[in-house]
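Encoded as structure tokens, the structure appears first; notes follow it.
The values are calculated or read from the model by the stated rules, or taken from the named source; none is laboratory data. It should be emphasised that the depicted structure is a prediction, and the values quoted were computed from it without experimental measurement. So basically every Cβ, Gly included, is an ideal-geometry build from the backbone, and we count neighbours across all protein chains shown.
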Amino acid sequence: MEKRVTFKGWLLPLCLIAPQVLVSAIFFFYPAGQAIWQSLFIPDPFGLSMQYVGLGNFEYLLSDPYYRTSFLTTAVFSLLVTLCSMVPALFLAVVADRLIKGAGVYRTMLIWPYAVAPAIAGVLWLFMFNTRVGVVSWYLGQLGYDWNHVLNGSEAMGLVVVASAWGRISYNFLFFFAALQAIPKSVIEAAAIDGARFWKRFWTIVLPLLSPTTFFLLVVNIVYAFFETFGVIHTITSGGPQQSTTILVYKVFSDGFVGQDLGSSAAQSVILLVVVGALTIFQFKFIERRVHY
Amino acid sequence: MTHPNDPPPGMVERRGLGLWVSHIIMILGVLIVFFPIWLAFVASTVTQADIVSPPMPLWPGDQFYNNYREALLSGVNVPVATMLLNSLIMAIGIAVGKIIISLLSAFAIVYFRFPGKMIFFWLIFLTLMLPVEVRIVPTYEVIAGFGMLNSYGGLILPLIASATATFLFRQFYMTVPDELAEAARVDGASPMRFFWDILFPMSRTNIAALFVILFIYGWNQYLWPLLITTDPKMNTIVMGIKQMFPSGDDWANWPVILATSILAMIPPIIVVISMQKLFIRGLVDSEK
């Protein structure tokens with residue numbers, strides 16, 4: 001926790017830590033406290049007074065079919081984004097790892113999408129699948145498939161999943177590739193000498209050795225899908241059609257800012273807070289202990 | 001990247017036909033991943049007429065200069081040049097602000113004993129857990145209360161309230177040999193002297209790696225600028241693009257919008273590619 005050798009005095013360290021504590025207090029603890037406080041009230045229709053309702057907002061939310069649907073939507077969305085970004089990344093990393101020359105060049109080329117903001121990724125994919133001008137939707141039309149994510153909920157979900165997973169492929173590739181390169185080649189050679197073929201080696205040696213990286217990426221990608229994909233949803237579907245792509249974070253935004261339902265939005269923030277807390281604790285406790293070579 | 005004791009290459013790596021298959025798979029992968037960016041670039045160099053009669057061309061046209069000039073100087077609501085400047089100020093503000101406050105607080109936590117230290121430590125630790133997306137409404141009210149809507153302070157301050165950087169520097173300080181602080185103390189150097197002359201120079205690589213990560217984080221922010229910049233002149237480029245789409249059934253000005261997307265990607269891409277080593281290091285460090 002601290003050094004054997006420390007400096008004397010208490011005023012200086014308090015001054016040093018003050019900026020961070022102040023910023024956290026004003027922009028973090030106070031708003032988080034406000035969210036918890038507001039979640040216990042309902043404002044009257046004119047916004048003039050607040051009525052205390054206890055856990056009423058939570059009870060209402062949990063019995064609200066729209067909110068439950070949004071939970072399910074978020075689960076499906078996160079799972080698909082995680083899957084669609086990790087599987088191709090692992091595949092490419094395994095292929096790149098076996099190349100002696102050129103792997104570095106491919107890595108440089110694959111990093112690009114990581115730098116692209118989720119909202120920009122949303123614009124790019126929206127452009128490709130736009131119902132009037134999109135290239136991909138046009139070619140799909142030539143093949144006889146009528147693409148319309150504006151009306152079709154599953155197509156809308158597919159599009160936001162792909163747009164969200166796209167940039168994450170770079171991220172996951174970097175971690176998988178680094179982990180693969182860190183496996184001593186002699187271990188793989190030994191298995192090869194014993195006659196294990198590529199797939200056998202992959203399943204019995206490489207994949208178990210990658211498990212810490214895999215589990216780490218699993219949690220990080222789920223957190224990403226939960227919270228950082230707002231830009232993708234907002235640019236492509238705005239939560240539609242018929243709320244089929246309204247994930248929880250989007251609902252906090254649309255209920256709080258568009259619908260001005262502050263009590264409900266605050267209660268949703270508190271629920272999300274619990275979800276993030278649980279994921280963080282899960283990451284720190286469970287994964288770091290359980291997954292070993 | 002290879003281990004010193006490894007046998008000579010050739011046994012598990014691909015050779016002959018397999019090698020070519022591997023290269024082809026990688027090239028296909030790169031092409032697929034790259035395609036959306038390429039298409040956006042092509043669309044930013046053709047006319048609106050080329051786009052609204054699908055399929056659009058897949059090779060760049062001759063309108064590069066016109067489209068980018070229109071985007072940069074007039075845009076749709078506000079010139080993209082203004083948005084680029086706002087994004088730059090926000091991204092650098094977040095990166096520098098976060099690095100400064102966390103360098104100092106990590107120094108206090110590691111090198112001092114003072115009353116309430118553990119409480120402060122845990123308070124900072126808690127901020128790891130809550131992304132800004134979760135507390136948007138109350139944070140918005142705080143900023144509005146301070147009269148900081150449509151200001152750089154309002155864009156930057158709420159996003160530097162997170163502990164990742166503090167933990168990174170704390171981790172790093174713990175690896176600095178005790179003898180250095182001991183020697184500084186024996187020589188009668190003040191703590192701040194030790195910080196400036198020894199600790200800060202030693203942290204340079206970590207600072208640079210963190211800067212790359214934080215710059216991209218700040219540049220790519222969407223929801224927060226969307227909420228607090230109601231004045232188009234304060235829009236950042238990443239959130240401003242959505243505002244360029246017309247409401248209703250009008251045709252979007254695709255060449256200009258996509259030229260803006262390309263402009264929005266260039267700074268973070270330059271940072272990532274030119275500082276690739278630092279970027280990967282920062283990525284791995286900040287997630288550990």
Exercise. Just checking, which of B:181, B:189 is assigned by TED's automatic domain parsing to the domain that holds residue B:274, touching a residue at least 24 places away in the same chain (Cβ under 8 Å), within 18 Å of residue A:8 (Cα to Cα) and out of contact with any Asp or Glu (no Cβ under 6 Å at 6 or more places or on another chain)?
Worked result: B:181
Problem set entry | Count - residues of region A:115-132 that are surrounded by fewer than 22 Cβ atoms within 10 Å (Cβ to Cβ) and over 15 Å from residue A:162 (Cβ atoms) | 2
Seminar exercise, completed: Residue pairs qualifying under the 7 Å Cβ cut-off, at least six apart or on distinct chains, with the first in region A:124-135 being more than 7 Å from chain B (Cβ to nearest Cβ) and in contact (Cβ under 8 Å) with a residue 24 or more places away in the chain and the second being in a loop (DSSP other than H, G, I, E, B) and buried (at least 23 other Cβ atoms within 10 Å of the Cβ), are A:129/A:149
Exercise. With B:208, B:181 as the choices, which residue is surrounded by 14 or more Cβ atoms within 10 Å (Cβ to Cβ), in contact with a Lys or Arg (Cβ under 8 Å, 6 or more places away or on another chain), assigned to a helix (DSSP H, G or I) and among the hydrophobic types (A, V, I, L, M, F, W, C)?
Worked result: B:181
Exercise. Within the bounds of region A:2-18, is there any residue that is within 27 Å of the chain's Cα centre (by Cα), farther than 27 Å from residue A:171 by Cβ and assigned to a helix (DSSP H, G or I)?
Worked result: no
For this session: For residues that are of a type in the set (Gly, Ala, Ser) and more than 7 Å from every other protein chain (Cβ to nearest Cβ), scanning just region A:10-45, find the one that is surrounded by the most Cβ atoms within 10 Å (Cβ to Cβ).
Result: A:39
Exercise. Just for region A:243-264: of the residues that are modelled with pLDDT of 85 or more and under 16 Å from residue A:31 (Cβ atoms), which one is nearest to the chain's Cα centre (by Cα)?
Worked result: A:249
Problem set entry | Residue in region A:56-73 that is outside any helix (DSSP H, G or I) and farther than 24 Å from residue A:247 by Cα present | no
Exercise. Can you find even one residue in region A:256-273 that is at the interface with chain B (Cβ under 10 Å from one of its Cβ atoms), of a type outside the set (S, T, N, Q) and under 30 Å from residue A:130 (Cβ atoms)?
Worked result: yes
Exercise. Quick one: what pairs do we get from region A:194-206, first residue exposed (fewer than 10 other Cβ atoms within 10 Å of the Cβ), second among the aliphatic types (A, V, I, L, M) and in a helix (DSSP H, G or I), C-beta under 6 Å, 6+ apart or different chains?
Worked result: none
Exercise. All but one of (1) closer than 23 Å to residue B:46 by Cα; (2) more than 14 Å from the chain's Cα centre (by Cα); (3) buried (at least 20 other Cβ atoms within 10 Å of the Cβ) hold for residue B:250; which doesn't?
Worked result: (3)
Exercise. Got a sec? Which of A:136, A:150 is of a type in the set (Val, Ile, Thr) and modelled with pLDDT of 90 or more?
Worked result: A:136
Exercise. Got at least one residue in region B:262-284 being within 13 Å of residue B:75 (Cβ to Cβ) and either in contact (Cβ under 8 Å) with a residue 40 or more places away in the chain or at the interface with chain A (Cβ under 10 Å from one of its Cβ atoms) (or both)?
Worked result: yes
Exercise. Out of (1) over 30 Å from residue B:142 (Cβ atoms); (2) out of contact with any strand residue (DSSP E or B) (no Cβ under 8 Å at 6 or more places or on another chain), what's the single condition that is false for residue B:185?
Worked result: (2)
Seminar exercise, completed: Within region B:94-113, residues part of a loop (DSSP other than H, G, I, E, B) and crowded, with 23+ Cβ neighbours inside 10 Å come out as none
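Every residue, every condition in (1) more than 13 Å from every other protein chain (Cβ to nearest Cβ); (2) at pLDDT 85 or above; (3) closer than 30 Å to residue A:141 by Cα; (4) within 33 Å of the chain's Cα centre (by Cα), yes or no:
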site	(1), (2), (3), (4)
B:13	no, no, no, no
B:22	no, yes, no, yes
B:25	no, yes, yes, yes
B:34	no, yes, yes, yes
B:47	no, yes, yes, yes
B:50	no, yes, yes, no
B:59	no, yes, yes, yes
B:65	yes, yes, no, yes
B:68	yes, yes, no, yes
Exercise. Mind checking which residues of region A:98-133 are assigned to a helix (DSSP H, G or I), in contact with an Asp or Glu (Cβ under 9 Å, 6 or more places away or on another chain) and not hydrophobic (A, V, I, L, M, F, W, C)?
Worked result: A:118
Problem set entry | Residues of region A:46-72 satisfying the condition of being closer than 16 Å to residue A:270 by Cβ and loosely packed, with under 15 Cβ neighbours inside 10 Å | A:52, A:54, A:55, A:59, A:62, A:64
Exercise. So which pairs qualify, if the first residue must be in region B:22-50 and closer than 22 Å to residue B:260 by Cα, the second must be surrounded by 17 or more Cβ atoms within 10 Å (Cβ to Cβ) and of a type in the set (Ser, Thr, Tyr), the Cβ gap must be under 8 Å, and the two must be at least 6 apart or on different chains?
Worked result: B:33/A:170; B:40/B:261; B:44/B:68; B:44/B:261
Exercise. Say we look at region B:28-82 and pick out the residues that are small (Gly, Ala, Ser) and part of a loop (DSSP other than H, G, I, E, B); which of these is surrounded by the fewest Cβ atoms within 10 Å (Cβ to Cβ)?
Worked result: B:53
For this session: Please specify each residue of region A:122-135 satisfying the condition of being over 26 Å from the mean Cα position of the chain (by Cα) and within 15 Å of residue A:156 (Cβ to Cβ).
Result: A:131, A:134
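When you go through B:145, B:154, B:218 one by one, which is the residue that is surrounded by fewer than 16 Cβ atoms within 10 Å (Cβ to Cβ), modelled with pLDDT of 85 or more and within 12 Å of another protein chain (Cβ to nearest Cβ)? Working first, answer last.
Working: B:154 fails: surrounded by fewer than 16 Cβ atoms within 10 Å (Cβ to Cβ); B:218 fails: surrounded by fewer than 16 Cβ atoms within 10 Å (Cβ to Cβ).
Within the list B:145, B:154, B:218, the selection yields B:145.
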For this session: Tell me which of these residue A:184 doesn't satisfy, since it passes every other one: (1) in contact with a helix residue (DSSP H, G or I) (Cβ under 8 Å, 6 or more places away or on another chain); (2) without any contact (Cβ under 8 Å) to a residue 24 or more places away in the chain.
Result: (1)
